[in-house]
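Contents: one structure, followed by commentary.
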Amino acid sequence: MVAFWEEKTLDEMTQAEWESLCDGCARCCLHKLEDEDTGEFAYTAVVCRYLDDDCRCGDYESRHVNVPDCLPLTPERAGEFRWLPESCAYRRLSEGRGLATWHPLVSGTQDSVSAAGISVAGKTVSEEHVHPDGLEEHIIRWVTH
C-alpha cells in the first residue's frame, strides 16, 4: 500500500492528512532573524510564549489571531516559506523529497523525533523571558535552514 504523502500532492490531502504531516518538532515556533541583505535566516533558541514543554501550541486554534507573526502554513504556501527548516515535512514534500526516516508517519512513533535530535524540547527559552532586542544573543546553530 502506498502512503498518502507518496501518492497525493499537498493540495490533494485532506485536512487530517495535512495536519498529520507535522512531526511536532516545533522548529517553526523558533524566532528567526532574517538578514535583509542576503535573505538568510538565523534561528534562535527563543520560542513563542504558547509553546508548551511537549512542543505543542497551547493556543493552536487562535494562534494566527493572537500571534500575528505566526503565519498560516497552507498547501499553497508551503513552498514559499524558505524559513522552514530543511527537516520540515511540509518543506520536504513541497520540494519533492520524501519524509525523513525519523518522521512519526514513517517510524510509527513520536519518540523518533526526539531520538533524531530534531525536537526543540528542552533546548529553548520562552519569548516572555527575552527582550525583543536581545534575540541575537540567542542565535543557535543546531537547526539547519
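Bear in mind these aren't lab numbers, they're just calculated from the coordinates by the rules spelled out. Everything numeric in this text was worked out from a predicted model, so none of it was measured.
Details
- Using a cutoff of 8 angstrom between alpha carbon atoms and counting only pairs six or more residues apart, the relative contact order for the chain works out to 33 percent.
- For the range 25-92 and the range 108-128, distance of Cα centres in Å: 14 Å
- For residue 23, the residues whose amide H sits under 5 Å from its own are 89, ignoring neighbours fewer than 5 places away on the same chain, with H placed 1.01 Å from N.
- Descending principal axes extents, the chain, alpha-carbon based, whole Å: 50, 33, 30
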